[in-house]
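Structure record follows, encoded as C-alpha cells.
What follows draws every value from the coordinates through simple rules; no lab data is involved. In this text the structure is predicted, and so the values were computed from the model without any measurement. Every residue, glycine among them, receives a Cβ derived from its backbone with ideal geometry; neighbour counts consider all protein chains shown.
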Amino acid sequence: MKKLSFIGIGGSTNIELGGNCCYLKEEDNLLVIDMCEGATEKLEKASAFKDIKNIYVAITHTHFDHVAGLGVFIWYCNFNLNISPKIIYSDFKYVHTLKKLLKLTGVDKKLVKFVRESSFKINDLKLNMQRTTHTPKLQCFGIMFQDKLGKYYYTGDTNDINYIKELCEDKNIKTIYTEIATETYNAHIKYDDIINLEKEKLILMHFDTVELYKKAIRDGFKVARIEGSEANE
Ligand SMILES: [Zn+2]
Ligand SMILES: [Zn+2]
C-alpha cells in the first residue's frame with residue numbers, strides 16, 4: 001500500500017496542524033479518510049482530485065473534526081466533478097447515523113452512495129472498518145487495509161492501547177497510523193504509553209498539541225506528513 005497523504009494531522013482543537021484527514025490516490029481512484037473542516041479546498045490544493053473518476057469516503061466517527069467538511073465535499077464532487085462519492089460502511093446503525101447527519105445538514109441523499117466495505121477495491125487493496133472504543137456515545141471505527149504485501153492499520157480516534165500493542169507484535173502488520181495525545185482524556189492514546197513500542201511500524205497523527213508533535217519528532221518517531229510541508233514522513 002502506498003503511504004497515505006495527509007491534509008491535516010491535528011486533534012480537534014489543533015488549528016495549527018489542521019483536522020486529521022488523509023487520502024490515497026491510485027490511478028483514477030481516490031479514497032478520503034475523514035473530512036475535516038476545509039477538506040475540499042485542501043484536497044483540491046493537493047491535486048487529490050486530478051484525473052479522478054471514482055471516489056470512496058471512509059468516516060471513522062462523527063466527531064465534528066472528522067465530519068465538518070463532509071457536506072461541502074459531497075456537493076463539490078457532484079456539482080464540480082460530476083462524481084457521486086461512495087461512503088464505505090460495515091455497520092447498519094452507523095449508516096443510519098451518517099444519513100441522519102446528511103439530512104440535518106441538507107445534503108440530498110441522491111448525491112451519495114453507501115457501499116459495503118467488500119465493494120471497496122483499489123487494485124489489490126481491500127479494507128475493513130473495525131469497531132474501536134473512543135468516547136462512550138459514538139460509534140467509532142479503525143480501518144484495517146490489506147494487500148498482497150501485508151496489513152496496515154489506521155486507528156481513527158481510539159483509546160484502545162492494548163490493540164496497538166497487539167498490532168506492534170503482529171508480523172503481518174506493516175504500518176500502524178496511530179492517533180496520539182498528551183493524555184488519554186479517556187478517549188485517546190497517551191504518548192507515554194507508546195514511547196517504548198517499536199518505532200519502525202508506527203506513524204503518529206492527530207496530535208492534540210504542536211508541542212507533542214515536535215516532541216515525537218525529537219524522540220525519533222515517524223509522524224504523518226502534511227502534503228506540501230517540510231515535516232518528515
Ligand atoms: Zn478527532
Ligand atoms: Zn474523536
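Candidates are the residues of the stretch 150-167 that are within 20 Å of Asp193 (Cβ to Cβ) and touching a Phe, Trp or Tyr at 6+ places or on another chain (Cβ under 8 Å); the one that is nearest to ligand 1 (Cβ to nearest atom) is Gly156. Taking the stretch 90-136 as the range and being in contact with an Asp or Glu (Cβ under 7 Å, 6 or more places away or on another chain), hydroxyl-bearing (Ser, Thr, Tyr) and buried (at least 19 other Cβ atoms within 10 Å of the Cβ) as the test, only Thr132 passes. Among the residues of the stretch 168-186, the ones that are surrounded by 19 or more Cβ atoms within 10 Å (Cβ to Cβ) and either without any contact (Cβ under 8 Å) to a residue 24 or more places away in the chain or within 14 Å of ligand 1 (Cβ to nearest atom) (or both) come to 5 in all. Within the stretch 1-42, restricting attention to residues that are more than 16 Å from ligand 2 (Cβ to nearest atom) and touching a Gly at 6+ places or on another chain (Cβ under 9 Å), the residue that is farthest from His66 (Cα to Cα) is Met1. The set of residues in the stretch 21-42 being more than 15 Å from ligand 1 (Cβ to nearest atom) and touching a helix residue (DSSP H, G or I) at 6+ places or on another chain (Cβ under 8 Å) consists of Tyr23, Val32, Thr40. The C-beta contact set for the stretch 116-136 (first residue farther than 13 Å from Ala58 by Cα and within 16 Å of ligand 1 (Cβ to nearest atom), second residue among the aromatic types (Phe, Trp, Tyr) and assigned to a strand (DSSP E or B), distance under 9 angstrom, 6+ apart or interchain) comprises Thr132/Phe141. Restricting the stretch 50-66 to residues that are over 20 Å from Phe114 (Cα atoms) and assigned to a loop (DSSP other than H, G, I, E, B) leaves a set whose member that is nearest to ligand 2 (Cβ to nearest atom) is Lys50. Scanning the stretch 127-140 for residues that are among the hydrophobic types (A, V, I, L, M, F, W, C) and part of a strand (DSSP E or B) turns up Leu127, Met129, Cys140. Does at least one position in the stretch 141-160 carry a residue that is touching a His at 6+ places or on another chain (Cβ under 9 Å), within 14 Å of ligand 2 (Cβ to nearest atom) and assigned to a strand (DSSP E or B)? Within the stretch 141-160, one or more residues are touching a His at 6+ places or on another chain (Cβ under 9 Å), within 14 Å of ligand 2 (Cβ to nearest atom) and assigned to a strand (DSSP E or B).
Looking at this structure, is Asp147 of a type outside the set (Lys, Arg), touching a residue at least 60 places away in the same chain (Cβ under 8 Å), out of contact with any Phe, Trp or Tyr (no Cβ under 6 Å at 6 or more places or on another chain) and within 20 Å of Tyr89 (Cα to Cα)?
Considered against the rule, which asks whether it is of a type outside the set (Lys, Arg), touching a residue at least 60 places away in the same chain (Cβ under 8 Å), out of contact with any Phe, Trp or Tyr (no Cβ under 6 Å at 6 or more places or on another chain) and within 20 Å of Tyr89 (Cα to Cα), Asp147 comes out as yes.
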